[in-house]
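Chemist: This structure is in structure tokens; I'll ask about it shortly.
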Amino acid sequence: MLVPKEIVKGKDVKRFEITNRATLAEARNAIDFDEVVVNTAEIKRRNLLPCALKYALWALRPGGRLIVNDEGLMDAGPPPYVFPFNLVRQCTFKFLANDTSLIDFDQRGRIVMERHAPVLGPAWSAGVIFSGNKAELPVLHSCLDSLRNQPELSPEMFGEIAVCGPHAARELLSEHKDVRWIDYDEPPGDRFLICKKKNLLIDSLKNPKIVILHARIKLANDALTRTPREFDISGPNTSFLHNNRLIPYPSLTQSDSVWPGILPRRRTLSSRQLSDADPILLHERAGLFVDGSAFYVRRAAWKSCPLNDAIAWLEGEDVEWCSRAFLQGFLIDMAPQSLATSQTNKLSIPPNLGSWTPKAARAISIMRSGKSMMKHAIEPFFRKKDQI
């Protein structure tokens, strides 16, 4: 964690400034500052204002001051590439109003808020989604072992571990006395209502910090220790092992598909194409979602914005949830130092090109996007007139 070092001359004020990508990355693990300043000029130009506001909030101690400095331009109908102060104001109050009180407001471009929310409690709960299939037991046991290795989930830390699966499979874990079983029998039909199952599981967990895993996911022994102290919805940096090399998983993804019913027009970019697992590049593009197989969620955030029970597996349930949560003022993020491993993989395997592997993945993504764009552009010319 980054702890306060800078002392303003003549005053015992521990202060931190967020002005660009570098200082924003530092702020991810900053804690207990008296004052955090967000200078918006470079931040908003890169679409990083929501991320900067949340990181600034979590870097403060309760009672600390958050100052937003903007140039103060007002424009009710701004042209492209202009982010006026009225939108800065909207963004600030959307993402901070529940945890802060307004102290000072200057229409020329300055907002001062004081954090009144307590620091998120340290206790964790873990929930595992299990199909009930006996063939899945080896990966489930490995998943549970990885959770037992988390200091934050120990009884001494008031941690808890639960597995959610069909009632008929309850006896499969009868020897695991430290694991609570939660019954969920899937309604008959062709659609697997995964959101309904996850909501039931999360609702049964008691602690303020929650990790939800599919049975195939294993956390590194220090995964929870390496998460930032506070978050809304986040996820571990997941990989899978193939021929003795770790291949990044799409733990955090940017996609235009977060907007319901809107045809995506930009290529999708995920943590799989990042060379350094820094999610800030994805924040710049906006429209993020965590992978539903492994995520961290603040209980209060889930309470305000649960998953949608009506949406099923393979229907973009994680995309819909995260887009709705973001519009409610919750940040969608990834903890790059919190590592996890998927024990199985259904994704394509990129060629082993060493340090060039992420670049190759991006090139393949660009080519796929170009193909789709060309098809979209020329297809109308081949339609019959009565189809146009």
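Here, each number is a calculation from the coordinates, and none is a lab measurement. Computed from a predicted structure; not experimentally measured. Cβ placement follows ideal geometry from the backbone for every residue including glycine, while neighbour counts extend to all protein chains displayed.
Chemist: What does the helix-only formula give at 222 nm for the chain: each DSSP H stretch with n ≥ 4 adding -39500 (n - 2.57), the total divided by the residues, and the result rounded to the nearest 500 deg cm²/dmol?
Modeler: My calculation for the chain gives -8000 deg cm²/dmol from helical runs alone.
Chemist: If R0 is 25 Å, what FRET efficiency do you get for Ile103 and Ala300 from their C-beta distance, rounded to 0.05?
Modeler: The pair Ile103/Ala300 has a calculated efficiency of 0.60.
Chemist: Hey, rough spin-label estimate for Glu175 and Ala76, points 7 angstrom out along Cα→Cβ, what's it come to in nanometres?
Modeler: For the pair Glu175/Ala76, the computed spacing is 7.1 nm.
Chemist: Name the most mobile residue of Ser270, Ser234, Ser146, meaning the one with the largest mean-square fluctuation, in a Gaussian network model of the chain with Cα contacts below 10 Å.
Modeler: In the Gaussian network model the winner is Ser146.
Chemist: Another question, if that's okay. Filter the chain for me: DSSP H helices, axial length by Cα at least 30 angstrom, mean Kyte-Doolittle hydropathy not below -1.0. List them by residue number.
Modeler: 357-378
Chemist: May I pose another question? I want the local charge near Arg110. Using Cβ-Cβ distances under 13 Å, sum +1 for each Lys or Arg and -1 for each Asp or Glu among the other residues.
Modeler: Overall, the nearby charge balance is -1.
Chemist: While we're here: About its Cα centre, what dipole magnitude does the range 15-115 give when the only charges are +1 on Lys and Arg Cβ and -1 on Asp and Glu Cβ, stated in debye to the nearest 20?
Modeler: 280
Chemist: Continuing with this model, one more query. Taking the beta-carbon count within 10 Å as an exposure proxy, list Val13, Val211 from fewest neighbours to most.
Modeler: With the fewest neighbours first, Val13, Val211 line up as Val13, Val211.
Chemist: A further question follows. Figure the gain on full extension for Leu137 and Arg191 (residue separation times 0.36 nm, minus the Cα-Cα span) and round it to one decimal in nm.
Modeler: Extra length from Leu137 to Arg191 when fully extended: 17.1 nm.
Chemist: Rounded to the nearest 20 Debye, what is the dipole magnitude of the range 124-342 about its Cα centre when Lys and Arg each give +1 and Asp and Glu each give -1 at the C-beta?
Modeler: Once rounded to the nearest 20, the dipole reads 240 debye.
Chemist: Additional query: Using a/c under 1.5 as the rounded threshold, could you call the range 15-115 rounded, prolate or oblate? The axes a ≥ b ≥ c are square roots of the C-alpha gyration tensor eigenvalues, and prolate needs a/b larger than b/c, oblate otherwise.
Modeler: Cα axes put the range 15-115 in the oblate bin.
Chemist: While we're looking at this one, here's another question. Can you give the relative contact order of the chain as a percent, counting alpha carbon pairs under 8 Å and 6+ residues apart?
Modeler: 15
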